[in-house]
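The values are calculated or read from the model by the stated rules, or taken from the named source; none is laboratory data. From a predicted model like this one, the values you see are computed outputs, not experimental measurements. Cβ placement follows ideal geometry from the backbone for every residue including glycine, while neighbour counts extend to all protein chains displayed. Ligands, DNA and RNA are stripped out before the accessible areas are found, and what is left, the full protein with its side chains, is counted by its heavy atoms. Shrake-Rupley method; radii C 1.70, N 1.55, O 1.52, S 1.80 Å.
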Amino acid sequence: MATRYLYIARHGAADAFGTLTETGREQARLLGERLAHLPITALWHSPLPRAAESARELDTFLNGNAPVNEAPELIDHVPYVPSVEETPRAWVPFFDGFSLKDAAEGRRISQDLTDRFATAPEGDDDLHEVLITHAYPLAWLIRDALGAPPVRWIGLNAANAALTVIEYRPGLPPAITMYNDMSHLRPEHRWTGFPEAARP
């Protein structure tokens, strides 16, 4: 039974202009080192510069064995704008101002994302694909794999260059084998969600 392995990561840390910082480049390189031993068949990245640059840094460790391509479905976007009734109170201001057109475009991109990547392979060969994307599309793929309601993309956070792995096999539900794993990153490059502690 052929399996599609998706190795999904948010881009490395970026500055306010969307350019990778030195930390972000190091995070991407460390992710590349972690994936270097795998039989990667394709490396896909969002059209945004911080994702494309992360893919280039990571690819130096894959020895050019896999094609590197842009995938518009991986663009940073809000995948689903919930109704007021289903929106957590703290998120209500975030969605204020989203038009029906914006919401429809987000839903379209999200559907394209799952249609393209969240499926079992059609042939007999395993696929090992790396996706370099952003926090919200990554949350959407996790939500989809869990079969959770659309609003549950909210609250699924992703650290820069952390690794998430989802496996897709014919006739079986998706298997999330790893989520937001940062063990390949140096401690000072990991985001935990905890407040910054004073360093001695």
Could you tell me how far the Cα centroid of the stretch 17-55 sits from the Cα centroid of the stretch 65-135, in Å?
19 Å
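Evaluate Rg over Rh across the chain, taking Cα atoms for both radii and Kirkwood's formula for Rh.
0.97
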If I model a spin label at Leu38 and Glu70 as a point 7 Å from the Cα along the Cα→Cβ vector, what separation in nanometres do I get?
2.4 nm
For the stretch 40-53, 3J(HN,Hα) per residue [Karplus equation, 6.51 cos²θ - 1.76 cosθ + 1.60, θ = phi - 60°, Hz, x = Gly/Pro]:
5, 9, 7, 10, 10, 9, 4, x, 6, x, 5, 7, 4, 5
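With the Cα gyration tensor of the stretch 92-200 in hand, give its eigenvalues times 5 under a square root as the equivalent ellipsoid semi-axes, listed largest first in whole angstrom.
On the way: eigenvalues 141, 107, 25 Å².
Gyration-tensor ellipsoid for the stretch 92-200: 27, 23, 11 Å.
Given the alpha-carbon gyration tensor of the stretch 56-121, what are the semi-axes of its equivalent ellipsoid in whole angstrom, ordered largest first, with each equal to the square root of 5 times an eigenvalue? Show your work: numbers first, answer last.
Details: eigenvalues 214, 41, 24 Å².
Result for the stretch 56-121: semi-axes of 33, 14, 11 Å.
Would you mind putting 76-85, 39-48 in packing order, based on average other-beta-carbon counts within 10 Å, highest first? Walk me through the numbers before you get to the answer.
Details: 76-85: 15.8, 39-48: 19.4.
With the highest mean Cβ count within 10 Å placed first, the list reads 39-48, 76-85.
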For the stretch 139-152, what does the Karplus curve 6.51 cos²θ - 1.76 cosθ + 1.60, with θ = phi - 60°, yield as ³J(HN,Hα) per residue in whole Hz, taken in order and with x for Gly and Pro?
4, 5, 5, 5, 4, 4, 4, 7, x, 7, x, x, 5, 6
Ignoring ligands, DNA and RNA, what percent of the accessible area of the stretch 145-187 is carbon or sulfur (1.4 Å)?
58 percent
Going residue by residue through the stretch 11-22, the Karplus relation 6.51 cos²θ - 1.76 cosθ + 1.60 with θ = phi - 60° gives ³J(HN,Hα) values, rounded to whole Hz and with x marking Gly or Pro, of 4, x, 4, 10, 7, 5, 9, x, 9, 4, 7, 4
Amide H of Thr3: which non-local residues (sequence gap of 5 or more, or other chain) have their own amide H closer than 5 Å, using H built in the peptide plane?
Asp126, Leu127
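Kindly state, to the nearest 0.05, the FRET efficiency for Asn63 paired with Arg108, given R0 = 25 Å and r defined as their beta-carbon distance. Before the final figure, lay out each step's value.
Working: r = 36 Å, r/R0 = 1.44.
Step by step, r from the Cβ atoms, then E = 0.10.
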Local electrostatic count at Asn157 - Lys and Arg +1, Asp and Glu -1, tallied over other residues with Cβ under 15 Å:
+2
